[in-house]
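*Asks:* This is the structure I want to talk about, given as C-alpha cells.
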Amino acid sequence: MDDAFTVDDLIACYARGVFPMADARADDSIFLIDPERRGVLPLDGVHIPRRLARTIRANPYEVRIDTAFDAVVEACAESRPGRLETWIKQSHPAAVRTAVRPGPGAQR
C-alpha cells in the first residue's frame, strides 16, 4: 500500500502536536486529533525543593525509564470490559517502538 502511514509520518504528527488514532484496532483509516488545550511541562524552569533533593540524593528507591515500554503500549491497545475497541491500530505499537528506539544508524 503506497499511502501507508509510516514511522516518519508518526514522528511528524507528534512533532506538530497532533495524535493519529483509529476508530478500531483493525480499522484501515487514521484520523488526527489536534487538541485545543494542551498540558505543557516546561522542564527548563523546574524547581526541586531542598527536601525533595535530599530524598533523591539518599537514593531510597530505584528510578527506571522505559523498562516496560512495549508492555505498556500493548496493554493500552488491548480491549477491556466496557471498552471493546481501542484507538490504537494493530500497526501502531510497532511504529511507536520504532519511533522511540530507531536503532543504530537511524537518522532521526
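The values are calculated or read from the model by the stated rules, or taken from the named source; none is laboratory data. Model, not experiment: these values are computed from the prediction. With ideal geometry, Cβ positions are generated from the backbone for all residues, glycine too; neighbour counts draw on all protein chains shown.
Conditions tested, residue by residue: (1) at pLDDT below 75; (2) loosely packed, with under 10 Cβ neighbours inside 10 Å; (3) touching a helix residue (DSSP H, G or I) at 6+ places or on another chain (Cβ under 6 Å); (4) within 20 Å of residue 19 (Cβ to Cβ).
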site	(1), (2), (3), (4)
43	no, yes, no, no
62	no, yes, no, no
71	no, yes, no, no
75	no, no, no, yes
78	no, no, no, yes
83	no, yes, no, yes
92	yes, no, no, yes
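*Asks:* Name the pairs whose Cβ atoms lie under 7 Å apart, with the first residue in segment 7-18 and within 15 Å of residue 35 (Cβ to Cβ), the second surrounded by 13 or more Cβ atoms within 10 Å (Cβ to Cβ), and 6 or more positions between them or separate chains?
*Replies:* So the pair list comes out as 13/19; 13/20.
*Asks:* Just give me the residues in segment 7-26 being exposed (fewer than 13 other Cβ atoms within 10 Å of the Cβ) and part of a loop (DSSP other than H, G, I, E, B), in sequence order.
*Replies:* 17, 26
*Asks:* Return the residues of segment 27-51 that are touching a residue at least 12 places away in the same chain (Cβ under 8 Å), under 23 Å from residue 78 (Cα atoms) and part of a loop (DSSP other than H, G, I, E, B); say none if nothing qualifies.
*Replies:* Within segment 27-51, 27, 30 meet the criteria.
*Asks:* May I ask you to list pairs of residues, at least six apart or on different chains, whose Cβ atoms are under 7 Å apart, with the first in segment 62-91 being more than 13 Å from residue 24 (Cβ to Cβ) and the second being aliphatic (A, V, I, L, M)?
*Replies:* Within 7 Å, the pairs are 69/100; 73/96; 76/88.
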